[in-house]
Structure formats: C-alpha cells, structure tokens
1. Out of Y323, Y329, report the one residue that is open to solvent by 50 Å² or more (accessible area, probe 1.4 Å) and touching a Gly at 6+ places or on another chain (Cβ under 8 Å).
2. Assuming I302 fulfils every condition listed in (1) open to solvent by 10 Å² or more (accessible area, probe 1.4 Å); (2) part of a strand (DSSP E or B) apart from one, which condition is it?
3. What tally of residues in the range 39-56 results from selecting those that are under 15 Å from N21 (Cβ atoms), open to solvent by 20 Å² or more (accessible area, probe 1.4 Å) and at pLDDT 85 or above?
4. Taking S288 as the residue in question, decide whether it is in a helix (DSSP H, G or I), loosely packed, with under 14 Cβ neighbours inside 10 Å, of a type in the set (G, A, S) and at pLDDT below 95.
5. May I ask you to list the residues in the range 279-300 that are without any contact (Cβ under 8 Å) to a residue 40 or more places away in the chain and among the β-branched types (V, I, T)?
6. Looking only at the range 140-157, filter to residues that are over 21 Å from L130 (Cα atoms) and in contact (Cβ under 8 Å) with a residue 24 or more places away in the chain; which one of those is least open to solvent (accessible area, probe 1.4 Å)?
7. Hey, which of the helices (runs of 4 or more DSSP H) in the range 126-216, taking only ones fully inside, have at least 2 residues that are touching a helix residue (DSSP H, G or I) at 6+ places or on another chain (Cβ under 9 Å), within 28 Å of K3 (Cα to Cα) and at pLDDT 80 or above?
8. Count, please, the residues in the range 335-373 that happen to be open to solvent by 10 Å² or more (accessible area, probe 1.4 Å), over 18 Å from D239 (Cα atoms), in contact (Cβ under 8 Å) with a residue 60 or more places away in the chain and of a type outside the set (D, E, K, R).
Amino acid sequence: MEKPTVLIIGKPNVGKSTLFNRMIGERKSIVHDMPGVTRDNVSSSIQWDDISFTLVDTCGIFEQPEDNIEERQKKIIFESLKDVSLVVFVIDGKIGLTSEDYHIADYLRKTNSKVILVINKAENFEKYELEMKPEIYSLGFGEGIPVSAEHNKNIFTLMDTIANTLKTSGLSSEESVDSEKDSEEIKVSIVGRPNVGKSSLFNSIIGSEMAIVSEIPGTTRDAIDHLVTMGDNTFRFIDTAGMRKKSTIHYGSIEMFSISRTINAIEKSDVVILVVDSTEGITQQDKSIIGIAEKRGKGTIIAFNKWDLVSNNHQRKEEFFNYFEKELYFVNYSPLVFTSAPKRWGIQELITAIKEVEKSRNKKIPTSALNAALEKYTLVTPPPIKKGKRIKFYYATQVGTKPPVFVFYSNLPYDIPKYYQQGLRNMIRNYIDPFIGSPIFLKFEARKNEETSKTKQKTL
C-alpha cells in the first residue's frame, strides 16, 4: 500500500518548520524568526509505532500574497491538498486567531480535507485554556491539540493522534522507514550558483512544478527532494539552494543555513549534478562547489543548462567540451550534458549519465588486472627516487567502492609525490576502466612484513 502523506500547513511564522523538525527528530527545515523563510515543500518519512507516513512541511500561506513567489507558494499548497491523506493545520497559540487562519480554514472545509488542528506555542497551558481555547471551536475543527514544538510539549499526543487517524481511516501503511532507507534508491543532488536554473531542471526531471521557480536569485532555500521511479531504477532527486561565495554571506543569515543544507545534501548523495549557466560560463564558485562533491567521493555530472539560449549551439558543443576540460580538469572524468529545462533538452541524457556514474562508483576491479596495469605503467614511467632509494610498488588491490578506493603497497608509502599519485589514477582510468563520473581514492601503505620488521627494530 502506498505510504500516506501528512501535510503541515498554516499562516507564516506559526512554527510549522519547528514542529516538522521536532516530529522527524532532526533539523531538516530552516527555522528563523523572519516570516516566509520556508519556500519549498520539505518532506521526510516517519515511523510511529506500526504506522509509516510521509510528513511534509510547507511555506506559510498569505491571505493576500504580495508577490509572484508568495502567490505561487499558495497555489502549490492548495493544489497538493487533493493528494494528501491528512492535514495538520497549525495556528499560533500566543497571538490568537487572525483572518489568515479563517481564510485557510474556509479553504480546507471546501476541499473536505481530513484535518487535525494544532495550536502551537501553547507553553502556558492555563493561559491557553482560559484565553485561546474558547475561540478555537469557531474554526470548525474541534478543540485541537495544544503543543509547544520549541519546548517539546505534547508532541507524542500529536503523533499518536496522527497515527490513530490514519489507522481508523484505513490510510495507514505498515511499511517501515528502515526498509525504505535500505532500498536501492540513487540519491542525486542538483547544485550550483543562484539562478542557473536548478529548480527548473529539477521540475523537468520529476515532471511537476514541485520547486518554486523565479528569476530572483535565492528563491530556493531548503533542500527539497522527490522520489522518482524510472524503469528498474528509483531516484531521489534533491533540489538545493544556490551557493554563493562565503565572503558575500552574513553569519546567521537565512542564506547561511541554506548553504549548510546544500552541503549536507551533497554529503548524503550518491551523484551530484553541477548546473552551469551556459550563457555565463564556468566560474570560480562552480569549481568550489564541484570540488566539495569530489572531495567527499561523490559521483559528478556537469550540466550546461540554458543551452537553448546559446547562439549557434549545434555547432559549439566541441568548443564547450574543450572549455570544460580546461576549467574543470580535476573532474574531467565527469559526463557533460547540455540541457534546457523549459524545452526538456538533455533530461534523458542526464538519467543515462546518472546510471552510468552510479555504476562506476560501485565497480570492483580484479586484483590481477590492477597489478598487470601497475607493472606496465611502472616500466613506462618509473617511480622517482626518494631518500636515495627508488620507490617500489609491490602490489595493489581495491579495498572499497562508493567511491572506488585502491591501496598500493610500497617501500616508501609516505614519499610518493602528488604528480605520481595522479599518474596512478590516470593509469587506472586509461588501462583498466574510465570510472566515468566517479572519483578514485588512493591509499599507500608499507607491506605488513616490513611494518613488523621496523617495529621489532624500534623495540630492540
């Protein structure tokens, strides 16, 4: 049975994101005193007793939106109501009801949504009982559940109510969160500078307007994800906030938290797609972003987006390939895809590249093939002399995947220069397998019998 979805909604600044974080047990949504911080839906799986469901945090609903982004946010939330099993309607227990609360309540009644009313910020329970509770009934959803997300009060009661409501409504799913986490889904982060078209590309891939798109840089603040099944593969695509230079970001700002979420998304991903604006080219910030992914052992793909805006684009692909090789030489093993989100150019090529990159990250090379290549390489390119001795390699073996990790046993494991280490990586890619899109990590160790001999000599 498909897992039910529980949607948290309410006006801005009632503590929806704080409640969401408290319920899932981690700080996934950005929390800030400024109203309207959350812009995109953020979701997470929850297992409560024997009930499993997907909890979704949403942006605040304005009764009278002031700009296109607020209007788009409101439309997305109201449209999503038809696909959810249960709505958690959150109001502010300190300031009381406002016209925006009644506006949301009226819409929920029109859609016949199943609703649990939650009164957040109800730390002072006696004050709530005397001053707030009497007017709660006017919303038409009963007396509601008073909670304090910030102080973790009455959250268990809310969780029990959600689970029981889903169960009695025949909407519960007994599939465990653990089994979902263990499934073979490929996690793909879409990263890049602000306004390069990440959210548009995300929407084109998943086939819906889940991420809010605007020409205003910084529209996306949270890392939002969506599960997509294509053939035999399941992908979790993650849209992230645009990353600017650290020097332009103020400490404690919303953007600082957004970038922290982006880096966290990269760390949890298998494959990272760097989106580059084709009309602006590769910048130093693009290099920094993809460098983060490379250092963390993630598979990488470069997407030259807005390709439809490049003049004479059909004749210029080779030019851009050479440009990519020059500017992003340290990840030149990555697939290069030309995309246009509005025209859906390159979407299938991206999916194919993701599969290929993930296959590379999981690839295991036979020790015999690796050592045959090593012998050939050292004959053609002898290792340098260090400390009056020539560096020798006894043998090599692969010890890990995701990313591939190789250990080379040597007489001078700590003296192998960087250029020769890079040569060994090139040897693996040129002689054995290109490992398309995957970084290769190398380790250098002494043979165990040599280590034992040195230890004995030190003891004597």
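1. Numbers: Y329 fails: touching a Gly at 6+ places or on another chain (Cβ under 8 Å).
Criteria check complete, one pass: Y323.
2. All conditions are met except number (1).
3. The number of residues fulfilling the criteria is 0.
4. yes
5. T279, I292
6. I155
7. Values: elements: 133-136, 155-168, 177-181, 198-206.
Here the list reads 155-168, 198-206.
8. 4
The values are calculated or read from the model by the stated rules, or taken from the named source; none is laboratory data. The model shown is predicted, which means the values in this text are computed figures rather than measured ones. Ideal geometry is used to build each Cβ from the backbone, glycine not excepted, and the neighbour counts take in all protein chains shown. Surface accessibility is based on the protein's heavy atoms, side chains included, excluding ligands, DNA and RNA. Shrake-Rupley method; radii C 1.70, N 1.55, O 1.52, S 1.80 Å.
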